[in-house]
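The values are calculated or read from the model by the stated rules, or taken from the named source; none is laboratory data. Note that the structure is predicted; figures quoted are calculated from it, not measured. Because the Cβ atoms are built from the backbone with ideal geometry, glycine has one as well, and the counts that use them run over all protein chains shown.
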Amino acid sequence: MTMPSSNWRVRPVDPQRVSALAGVLGLSPLTATVLCGRGVAESEQAKAWLSSSGGLTHDPFALPDMERAIDRLHLAIQRGERVCFYGDYDVDGMAATSLHLLFWRRMGAQAEVYIPHRQEEGYGLHEGAIRKLAGKGVSLLLTADCGTTSYEEIEVARSLGMDVIVTDHHQLQSRLPEPVAFINPYRPDSAYPFHGLCSGGLAYKVADAYVRKYRPAGVSVEAYRDLVALSSIADMVPLTDENRTLVRDGLAQVAQGTRCGIRALTRDLGLNGTCSAGTIGFRVAPRLNAAGRLAHAELGVRLLTTESEPAALQLAQELENLNRHRREIEEEMTREAIAQVDAGDPQPAIVVSATGWHIGVIGIVAARLVERYHRPAIVVTFDVHGTGKGSVRGIAGFDVCRALQQCEQDLVAFGGHPMAAGLTVKEDAFTGFRRRFWDAVEGLLEGAQPVPAVDVDAEVGLADVQFPLIRELERLQPFGTGNPEPNFVSRGISVLEKRVVGESHLKLVLRQPGSVPLDGIGFRMGSLARDIDAGNGRIDAVFTPELNEWKGSSRIQLRLRDVRVG
């Protein structure tokens, strides 16, 4: 199975709106084009995007059951009850749980944390954990990033005299849970104007609502926006609407080193000063995630909540070691999965399995398969008892949960988002499930061949790519889901120099008539060097312009997104 060629799609914009926006705000036409392509065409809206302070936030009480939740938490504090924050083992769950723990302890709660072990317990609420917590005297349990489908577990908690508050952003099933309070922006009765909050964002909103109603002296919820930024970026929620405000402010706090654990982690990575969403997504988040993948996510919570510099440095080093080991496991599993795919007949989706694959890495491998083949992908690992745990990753415009719903009869359990899900399947049902999933994907795609698309903001000449433009584009940060980095396309580029560096990265020197030579870097594009040799020395390329800082000097660099050899 081979990767289909990408379709380059230039976003349509109204030239008159571009001209008007550029004139009113004193922007270059290219920056105005980028804004208009994201639907930011009105001057006041654009000013808000370009501003480095203030921003949009919504009333937390518009979320269903919010007042009920904070009143129950307030009562727990007054009574001296034991409260447990029960989270997920990914970055969103770790950061949300850490936010709850830090805030509610400050409010006087007798608070503790429970995060299930990925390999031994798996995702979500577990009856055994609930019984253990009840035995320790916990009378109030608040979930972070789980609980939407935990019907039986919530009933068990109730039978043991434990109240449950669910805060979650997973999609709803046909049945809703019945805890004391159920805070989920996808609830059909929600008046909240934005569905894109992650669990870290929901934790922040719960704290915000408490401060607004009970007004504890000297408490500012804004101090927790760095944790919201970690959650939002790692969980790939849209960086639009109020997420843009929360993440932008949170990244500023990360850059300032305001939290001991995050400061230790970024310094261990050699990061100082400004911290971008890309840095969090590609360098910081994987190290935090390594705790939940290979050891226990409580390591991440300890890092994010410690006030001890030596402890933070030690934990940061532990996470780095785990992440290095995770990469080794990932590379081996990915090679094995690719071999399975290439040995079979082409199918509308990828479904691979093995006994003994590391459960903490199957999600990353599924993502790698989507990148390579541009098809929905499921990676399943079976244990010695024939129970399989699977990670599902999708493609843009396709809802993997809809496909899984058509396979419900073959599955023990499943749940997730349109782009990512998890499942449990028995080995004797796997063959039937795989065939049913293929049929479901084919039916939902209506026979269409999925083609990867690269969205482009504008076609430019390399002479247009200069320092002032890049500085202007930097004002549109934070970049991420819903607000991607600006992409431009340029054609007929001459390749003056080329070499393969590092792990098959393509390093080029590029030029067009009227431009100066510019550096280009294509990560994992080293195989294109042979194609350039066989061609006419010219390429068309989609790229993101950026500044490469090295030894105190700045050079313009084109980070290549896609290349066509002439």
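Where helices (runs of 4 or more DSSP H) sit wholly within the range 1-100, those with at least 1 residues that are modelled with pLDDT of 95 or more occupy 15-25, 29-37, 66-79.
A quick yes/no check of all residues on (1) within 19 Å of residue 542 (Cα to Cα); (2) surrounded by 13 or more Cβ atoms within 10 Å (Cβ to Cβ); (3) in contact (Cβ under 8 Å) with a residue 12 or more places away in the chain:
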position	(1), (2), (3)
7	yes, no, yes
16	no, no, no
24	no, yes, yes
35	yes, yes, yes
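Would you point out which residue out of 318, 309 is over 28 Å from residue 395 (Cβ atoms) and over 26 Å from the mean Cα position of the chain (by Cα)?
Numbers: 318 fails: over 26 Å from the mean Cα position of the chain (by Cα).
Going through 318, 309 in turn, just one is over 28 Å from residue 395 (Cβ atoms) and over 26 Å from the mean Cα position of the chain (by Cα): 309.
Taken together, the residues in the range 258-273 that are outside any helix (DSSP H, G or I), under 22 Å from the mean Cα position of the chain (by Cα) and farther than 9 Å from residue 316 by Cβ amount to 2.
Given the criterion touching a residue at least 24 places away in the same chain (Cβ under 8 Å), exposed (fewer than 15 other Cβ atoms within 10 Å of the Cβ) and of a type in the set (Asp, Glu), identify the matching residue among 235, 189, 208. Lay out the reasoning, then the answer.
Values: 235 fails: exposed (fewer than 15 other Cβ atoms within 10 Å of the Cβ); 208 fails: exposed (fewer than 15 other Cβ atoms within 10 Å of the Cβ).
Exactly one of 235, 189, 208 is touching a residue at least 24 places away in the same chain (Cβ under 8 Å), exposed (fewer than 15 other Cβ atoms within 10 Å of the Cβ) and of a type in the set (Asp, Glu), namely 189.
For residue 283, the conditions (1) in a helix (DSSP H, G or I); (2) at pLDDT below 95; (3) buried (at least 23 other Cβ atoms within 10 Å of the Cβ) are fulfilled apart from (3). Taken together, 360, 390 contain a single residue that is within 22 Å of the chain's Cα centre (by Cα), assigned to a loop (DSSP other than H, G, I, E, B) and either surrounded by fewer than 24 Cβ atoms within 10 Å (Cβ to Cβ) or outside the structural domain of residue 561 (by TED's automatic domain parsing) (or both), which is 360. When residue 379 is tested against (1) hydrophobic (A, V, I, L, M, F, W, C); (2) within 30 Å of residue 230 (Cβ to Cβ); (3) out of contact with any helix residue (DSSP H, G or I) (no Cβ under 8 Å at 6 or more places or on another chain), only condition (3) is not met. Against the condition under 22 Å from the mean Cα position of the chain (by Cα), in a loop (DSSP other than H, G, I, E, B) and of a type in the set (Ser, Thr, Tyr), how does residue 204 come out, does it pass? In short, no. For the range 105-123, the set of residues classified as surrounded by fewer than 23 Cβ atoms within 10 Å (Cβ to Cβ) and touching a residue at least 40 places away in the same chain (Cβ under 8 Å) consists of 106, 107, 113, 117, 118, 119, 122, 123, listed by residue number.
The set of residues from the range 515-551 being over 31 Å from the mean Cα position of the chain (by Cα) and under 22 Å from residue 473 (Cα atoms) comprises 515, 516, 517, 518. For the range 460-473, a tally of residues being surrounded by 14 or more Cβ atoms within 10 Å (Cβ to Cβ) and either of a type in the set (S, T, N, Q) or touching a strand residue (DSSP E or B) at 6+ places or on another chain (Cβ under 9 Å) (or both) returns 9. Would you confirm whether or not the range 31-39 contains a residue that is farther than 21 Å from residue 237 by Cα, outside the structural domain of residue 247 (by TED's automatic domain parsing) and more than 30 Å from the chain's Cα centre (by Cα)? The answer is no, given that none of the residues of the range 31-39 is farther than 21 Å from residue 237 by Cα, outside the structural domain of residue 247 (by TED's automatic domain parsing) and more than 30 Å from the chain's Cα centre (by Cα).
Report yes if some residue within the range 238-257 is part of a helix (DSSP H, G or I), at pLDDT 95 or above, of a type in the set (Gly, Ala, Ser) and buried (at least 24 other Cβ atoms within 10 Å of the Cβ); otherwise report no. The answer is yes; a qualifying residue exists. For residue 192, are the conditions met, namely being part of a loop (DSSP other than H, G, I, E, B), over 17 Å from residue 100 (Cβ atoms) and at pLDDT below 95? Taking the combined requirement at face value, the residue does not satisfy it. Tallying residues that are modelled with pLDDT of 90 or more, farther than 17 Å from residue 501 by Cβ and touching a Gly at 6+ places or on another chain (Cβ under 9 Å) within the range 516-542 yields 4.
Quick one: count up the residues across the range 350-361 that are over 20 Å from residue 436 (Cβ atoms), β-branched (Val, Ile, Thr) and free of Cβ contacts under 8 Å to residues at least 60 places away in the same chain.
Going through the range 350-361, the residues over 20 Å from residue 436 (Cβ atoms) turn out to be 354-361.
Next, from what is left, pick out any that are β-branched (Val, Ile, Thr): 355, 359, 361.
Okay, now just the ones that are also free of Cβ contacts under 8 Å to residues at least 60 places away in the same chain, so 355.
Qualifying residue count for the region: 1.
Hey, any hits in the range 342-356 for a residue that's of a type in the set (D, E, K, R), under 20 Å from the mean Cα position of the chain (by Cα) and farther than 21 Å from residue 96 by Cβ? Checked against the condition, which is being of a type in the set (D, E, K, R), under 20 Å from the mean Cα position of the chain (by Cα) and farther than 21 Å from residue 96 by Cβ, the range 342-356 yields no hits at all. For the subset of the range 363-387 comprising residues that are buried (at least 18 other Cβ atoms within 10 Å of the Cβ) and in a loop (DSSP other than H, G, I, E, B), which member is modelled with the lowest pLDDT? Only one residue tops the list, namely 374.
Residues in the range 407-459 that are without any contact (Cβ under 8 Å) to a residue 24 or more places away in the chain and in a loop (DSSP other than H, G, I, E, B) were compared, and the one that is surrounded by the most Cβ atoms within 10 Å (Cβ to Cβ) is 411.
In the set 302, 326, only one residue is within 23 Å of the chain's Cα centre (by Cα) and closer than 27 Å to residue 390 by Cβ; that residue is 326.
Given the criteria part of a helix (DSSP H, G or I), closer than 22 Å to residue 250 by Cβ and of a type in the set (D, E, K, R), does residue 326 qualify? Quick ask: steps written out before the conclusion?
Numbers: part of a helix (DSSP H, G or I): yes; closer than 22 Å to residue 250 by Cβ: no; of a type in the set (D, E, K, R): yes.
When the stated conditions are applied, residue 326 does not pass them.
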